[in-house]
1. Would a scan of segment 180-189 turn up a residue that is closer than 30 Å to TYR85 by Cβ and at pLDDT below 95?
2. Name the one entry in ILE347, ILE370, ILE310 that is β-branched (Val, Ile, Thr), modelled with pLDDT of 85 or more, on the phi < 0 side of the Ramachandran plot and open to solvent by 90 Å² or more (accessible area, probe 1.4 Å).
3. Considering only segment 67-82, how many residues are open to solvent by less than 40 Å² (accessible area, probe 1.4 Å), modelled with pLDDT of 95 or more and not hydrophobic (A, V, I, L, M, F, W, C)?
4. Give me a count of the residues in segment 250-265 that are in contact with a Phe, Trp or Tyr (Cβ under 8 Å, 6 or more places away or on another chain) and surrounded by fewer than 17 Cβ atoms within 10 Å (Cβ to Cβ).
5. Cβ-Cβ below 6 Å, separation at least six or inter-chain, first residue in segment 202-231 and touching a residue at least 24 places away in the same chain (Cβ under 8 Å) and small (Gly, Ala, Ser), second open to solvent by 10 Å² or more (accessible area, probe 1.4 Å) and part of a loop (DSSP other than H, G, I, E, B): which pairs?
6. Under 6 Å between Cβ atoms, which residue pairs at least 6 apart in sequence (or on different chains) link something in segment 150-176 that is free of Cβ contacts under 8 Å to residues at least 60 places away in the same chain with a partner that is open to solvent by 50 Å² or more (accessible area, probe 1.4 Å) and among the polar types (S, T, N, Q)?
Amino acid sequence: MLRGALQSAMASGILTLWVSCSLHVLLVQGNVNGQINSVTNNETFQPVTSDEIVVAGGTVTLTCRVARNDNSSLQWSNPTQQTLYFGEKKALRDHRIQLVESTPTELTISISSVHLGDEGEYTCSIFTMPVHTAKATVTVLGVPQNPQISGYHSPVKEGEVLHLTCLTHGSKPAAKLRWFRGLEELRGKSHTEQDSNGRTFTVISNVELNVTQADDNVDITCSVDHPSLQQAEKTSKQNIRVQYKPSVAIEPEPIMPREGEKFYLRCHGYGNPEPSKFEWSKQDSVLPVLAKADDNFLRFEALNKSDNGIYICKASNSMGSGSAEHKLYVQDPSAILASSSIDHAVIGGVVAVIVFILLCLLIVLGRYLIRHKGTYLTHEAKGSDDAADADTAIINAEGGQAGVEDKKEYFI
């Protein structure tokens with residue numbers, strides 16, 4: 001009996017342990033399934049939004065989507081947590097805010113004429129249990145104003161240093177200023193200051209130019225680089241004038257002066273301001289009696305061998321003076337004619353050579369045509385006995401040449 005009681009007690013204990021373990025497993029499975037269903041539901045009802053960047057004055061569109069809806073409403077709120085739209089119902093009186101799309105799984109709104117105060121985090125909510133939310137950050141770009149160049153007041157003297165300043169207000173983020181001299185980019189130094197509104201920036205850039213004669217009448221450009229401008233361009237130009245002493249060049253007319261003819265030298269002065277005075281002189285001598293200096297012209301009514309020499313023109317303005325020289329050599333009219341005769345003889349010789357070459361080519365071509373015609377007639381005669389036409393005769397004649405090596409004809 002004792003043994004039977006022990007066996008019964010052991011069986012009962014094992015059964016109790018099995019039931020306990022089974023219940024524990026069921027509870028664990030239930031908890032896991034509940035957590036999986038909870039995660040799935042959370043992902044299903046989680047709103048999805050995107051951050052947006054908009055230029056001040058433009059329009060931004062905010063879209064909120066969910067994968068599934070249980071008849072709960074979607075809502076958009078601004079950075080101060082004011083409700084903008086609750087489903088398709090407008091909650092805030094602002095004519096700039098408009099409904100674009102409202103469905104059980106999407107709520108899209110637009111905000112026009114955006115200003116810097118509209119920047120911040122916008123919230124999309126869906127009122128399930130619990131409530132799910134998503135954030136969308138709106139970044140507003142402040143458009144920089146047109147740049148302004150200062151520092152140039154009057155023409156600059158060659159060799160001086162010109163200091164220019166370029167300034168632009170209202171950019172967010174801070175703009176970048178670039179300098180150009182014509183197409184050449186210059187290196188400037190910039191610094192940034194925050195505007196009184198605490199949101200935008202003023203950018204100031206300075207550049208120094210060591211001006212030369214080449215900079216006269218050149219445009220110096222200040223250009224604004226900013227993401228809000230995209231394909232647009234904001235620039236400012238400053239045309240500068242540089243004062244410099246004249247550079248001088250002398251032009252003779254005619255180029256080949258001959259004795260007894262009229263002749264003049266013209267002096268060109270290039271400077272800023274324009275040369276106001278021209279002076280003529282002759283190196284190691286005085287001007288010829290018959291030579292007449294007339295401002296920037298030196299005129300000779302009738303050239304003479306005694307006029308040979310080096311003539312100097314000096315041009316002056318308020319910045320200084322410059323000079324140039326011209327060597328005058330008066331030639332004999334006979335020398336000019338002889339030279340002209342030699343030129344004509346050379347030209348005639350070249351023409352004669354060309355004509356001779358053409359005649360030789362014609363002769364060679366004629367001989368080639370005659371020989372070709374003779375060969376054709378000879379072949380035709382050789383094959384004409386059994387041929388129906390001339391072409392067949394030539395073919396027969398060519399075939400027969402293999403056996404008749406001793407019959408040849410030559411034409412010269």
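1. Scanning segment 180-189 turns up no residue that is closer than 30 Å to TYR85 by Cβ and at pLDDT below 95.
2. Values: ILE370 fails: modelled with pLDDT of 85 or more; ILE310 fails: open to solvent by 90 Å² or more (accessible area, probe 1.4 Å).
Checking each option against the conditions leaves just ILE347.
3. Final tally of qualifying residues: 3.
4. First, pick out the residues of segment 250-265 that are in contact with a Phe, Trp or Tyr (Cβ under 8 Å, 6 or more places away or on another chain): 250, 252-254, 257, 262-265.
With surrounded by fewer than 17 Cβ atoms within 10 Å (Cβ to Cβ) added as a condition, the list becomes 252-254, 262.
Total satisfying the criteria: 4.
5. From residues that are touching a residue at least 24 places away in the same chain (Cβ under 8 Å) and small (Gly, Ala, Ser), the pairs are SER205/GLY188; SER228/VAL143.
6. VAL161/ASN210; THR165/SER150; THR165/ASN206; LEU167/GLN148; HIS169/GLN145; GLY170/GLN145; ALA174/THR192
The values are calculated or read from the model by the stated rules, or taken from the named source; none is laboratory data. Keep in mind that what you see is a predicted model, and the values were worked out from it rather than measured. Methodologically, a virtual Cβ is constructed for each residue, glycine included, from the backbone with ideal geometry; neighbour enumeration extends over all protein chains shown. Note: areas computed on protein heavy atoms with side chains; ligands, DNA, RNA excluded. Shrake-Rupley method; radii C 1.70, N 1.55, O 1.52, S 1.80 Å.
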